[in-house]
1. Quick check: net charge around PHE29, other residues with Cβ under 12 Å of its Cβ, Lys/Arg +1 and Asp/Glu -1?
2. What does the highest-first list of 199-211, 302-314 look like by mean Cβ count within 10 Å?
3. Counting only heavy atoms of protein chains, what accessible area per residue, in Å², does the chain have with a probe of 1.4 Å?
4. Could you give the alpha-carbon Rg of the chain over 2.2 N^0.38 Å, rounded to two decimals?
5. Once you've got the GNM for the chain with C-alpha springs shorter than 10 Å, pick whichever of LYS242, LYS296, LYS36 has the biggest mean-square fluctuation.
6. Using alpha carbons only, how many degrees (0 to 90, rounded to 10) separate the axis of helix 28-39 from the longest principal axis of the chain?
7. Measuring from centroid to centroid over Cα atoms, what is the spacing of segment 237-255 and segment 163-181 in Å?
8. Can you check what the net charge comes to around ILE148, using other residues whose Cβ is under 9 Å from the Cβ of ILE148 (Lys, Arg +1; Asp, Glu -1)?
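The values are calculated or read from the model by the stated rules, or taken from the named source; none is laboratory data. Treat the numbers as computed from the prediction; the structure is a model and nothing was measured. A quick note on method: Cβ atoms are made from the backbone with ideal geometry, for glycine too, and the neighbour counts reach across all protein chains shown. Calculation scope for accessible area: heavy atoms of the full protein, side chains included, ligands and nucleic acids excluded. Shrake-Rupley method; radii C 1.70, N 1.55, O 1.52, S 1.80 Å.
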Amino acid sequence: MTDTAKVNLLGLSPEKLIEFFESIGEKKFRATQVMKWIHQKGAESFEEMTDVSKKLRAKLETICEIRAPEIVSQNISTDGTRKWIIRTEGGQNNCVEAVLIPDGDRATLCVSSQVGCSLDCSFCSTGKQGFNRNLTAAEIIGQVWIAIKSFGPMDPSGPRRVTNVVMMGMGEPLMNFEPVVDAMTLMMHDNAYGLSKRRVTLSTSGVVPRIYDLVKRTDVSLAVSLHAPNNALRNELVPINKKYPIEQLLEACQHYLDNLSDKRHITIEYTMMAGVNDQEVHARELSTLLQDLECKINLIPFNPFPNSGYDKPSNNQTRRFQKILADDGYTVTVRTTRGDDIDAACGQLVGDFMDKTRRSQKYIELRQVSE
Ligand code: SAH
Ligand code: SF4
């Protein structure tokens, strides 16, 4: 049997891991033991699993494996931000990125779900790359596993290295539904990473039917990439809006909140592009649009990339926009760019990694912008 034919246990949801153990004639509790070894102690081989009998370890060795995606590079920024470029299986253009952003006693990991993206939002470098492939559940949870292991041997009784996860890296998570749900289930499971449901966030550009599916399967927090206060503008920026317009999207958001067992809010993401969607009239329209939804607004100044055709708004413009919404009673945060020296800012792409010259040029441009 070749390695590729082995079952990779890293990506199996708790339920699927139990099913797998039962399918090979083993007891349920073995699945729990193995799950803890993999996700809490970072085991890479069955040999390490000392409370599992030698006989079972040998059996597991022959039919399964624990295989994390390959790390192409790891960068640590002067501000503590860590960024990984990770190679997924198959294809040529097959790298994604994961970024860990420490902030006081929090550390937020930004996780990718697809190589490229089919939804082609006009301001997104991942979208420009087109769709390449979906990540497997192992490749998604593998990003969490890699991030925690980068601090040394995993220790479930030690400090948490990752406190929050946001599915805001490359790809549209709701277009890769099952693997994303499986990976997020592991993130929150007590025998795996044990993160609170409030600290695992899925960001979507608005794949409306999948929002209804999502709340049947999980109760993570939801962020929605709105970026425009009306359909005419949103159709231009986020093409999936032509299929699922704003009214349908907000209805789905309300349904999501109504079906959670606790009181939560939707995070509305709004990437601001100078002269496009950052005017006071947009802020006022947005304020009216969101008046009935329990939400917080996160403004993201556009992150420039070559030939994007967009600019980021001035700080003054961003503040004006923020103030209009805040005066109407909204909680509005502005995302600050972190890890600039390693291109870890949101919307920076792995595609450039393939083209060293262009990448270093962008690095220079970015430094000039930020200095
Ligand atoms: N596909 C999902 C999640 C990944 S994108 C989504 O669209 O929500 C994560 C966030 O970054 C989204 O809100 C997206 O609109 C935003 N984004 C993408 N490119 C950007 C850029 N160049 N500058 C600023 N924000 C960007
Ligand atoms: Fe895809 Fe999100 Fe980029 Fe749109 S913003 S192209 S949905 S990754």
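1. Residues close to PHE29 contribute a combined charge of +1.
2. Order by mean packing, descending: 199-211, 302-314.
3. That works out to 45 Å² per residue.
4. 1.02
5. Result: LYS242 has the largest fluctuation of those listed.
6. 60 degrees
7. Between the Cα centres of segment 237-255 and segment 163-181 lies a distance of 18 Å.
8. So the environment of ILE148 carries a net charge of +3.
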